[in-house]
Every structure is written in structure tokens, then in C-alpha cells.
Amino acid sequence: MAKQDGYLINEVARRVNLSQKRIREYESEGFIRPQRDLKTNNRRYTEFEVAQIERISYLIHERGFTLACLRNLLVLAPCWNIFACPEPERCAAYQHPHRDCWRIRNQEETLCPGPCDRCAVFLNRQKAKSKVLENPGHGPMEEP
């Protein structure tokens, strides 16, 4: 059952079986963006963030994704695939696979339960200014 004001990081850490340090790392890597309490500045996690933490943890620890690989996945793959949507065919984002899911959501209903501005897909696609396969700081990679 969700708390109205959200969960504190220690509650989330126990629930998802990760350290608080690891959860903060996910935040610093741009995979999650919890709200902050205005009075205390404590992180407040909703069920949406908890589900995203669980999926990110699964992709890293069970599927073997590196942080860099996961970042690329979040930029390139469709949201329903990354977050294992149980019924993607019912989602407007699935019907328009070449458009950003948050842009579709402005016009049509999607199945995502959370706010776009706190979703890992949105956060990482907003940061992806350069081409994914470019060699950082060296321009396009050259063939040998």
C-alpha cells in the first residue's frame, strides 16, 4: 500500500533489497528522479519510482547490463520493452513506436502509471544530445 507522501529511501532500500548508496547511484546516473520534501529535502519515492528501481536493478543484476549499456537501452528501446509492459498492444506508445512516448502521452492515453518527467526513458532521452554510437569527445568513430 502506497503512502500518500511517498517512501523514504531507507524504506525503499529494504523493500527492493538494495543499499541506499545503490539507489542514490541510480539517481546520479539519471535512471530515477524522486521528488524532494520541501521542508527536509528528503527523497520521496512513489510506487512508480519503486517499480523503476526494481526493473533497473533486474536489468543490471539479473540480465547483466552495464550502466553505459542500460543508458543506451533507455535511449534506443521502446518503453514497453524496457519496463516489460504486460499489455503493450493496448498502449498508444506501442501503436506509434517511432515517436517518444511522452510526446504521444500529450495527445493520447498511454498505460504508463507514472509522470513522464520522472521516468528513466524520458530522463535519458532528454540527456542524449549526441549520437549514441559516437566516440565521446572524438567525433564519429572511424573504421580501421
_Any residue in the stretch 73-87 that is over 12 Å from Cys112 (Cβ atoms) and touching a residue at least 12 places away in the same chain (Cβ under 8 Å) sitting within a Cβ distance under 7 Å of a residue that is outside any loop (DSSP other than H, G, I, E, B) and of a type in the set (A, V, I, L, M, F, W, C)? List the pairs, counting only those 6 or more apart or interchain._
Leu73/Ile82; Leu74/Ile82; Leu74/Ala120; Leu74/Val121
_Please count how many residues of the stretch 7-36 are surrounded by 13 or more Cβ atoms within 10 Å (Cβ to Cβ), of a type in the set (D, E, K, R) and farther than 17 Å from Phe122 by Cβ._
5
*asked:* So in the stretch 15-64, with the set limited to residues that are more than 16 Å from the chain's Cα centre (by Cα) and among the polar types (S, T, N, Q), which one is farthest from Phe83 (Cα to Cα)?
replied: Thr40
*Which pairs have Cβ atoms under 6 Å, sit 6 or more apart or on different chains, and link a residue in the stretch 95-115 that is farther than 16 Å from Cys85 by Cα to one that is in a helix (DSSP H, G or I)?*
Ile104/Ala92; Ile104/Ala93; Glu108/Ala92
*Any hit, the stretch 11-34, residues being at pLDDT below 95, among the basic types (Lys, Arg) and in a helix (DSSP H, G or I)*: no
*What about Glu27, is it out of contact with any helix residue (DSSP H, G or I) (no Cβ under 8 Å at 6 or more places or on another chain) and either closer than 21 Å to Asp117 by Cα or of a type in the set (D, E, K, R) (or both)?*
yes
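The values are calculated or read from the model by the stated rules, or taken from the named source; none is laboratory data. All of these numbers come straight from a predicted model, not from anything done at the bench. We place every Cβ from the backbone using ideal geometry, glycine too, and count neighbours over all the protein chains shown.
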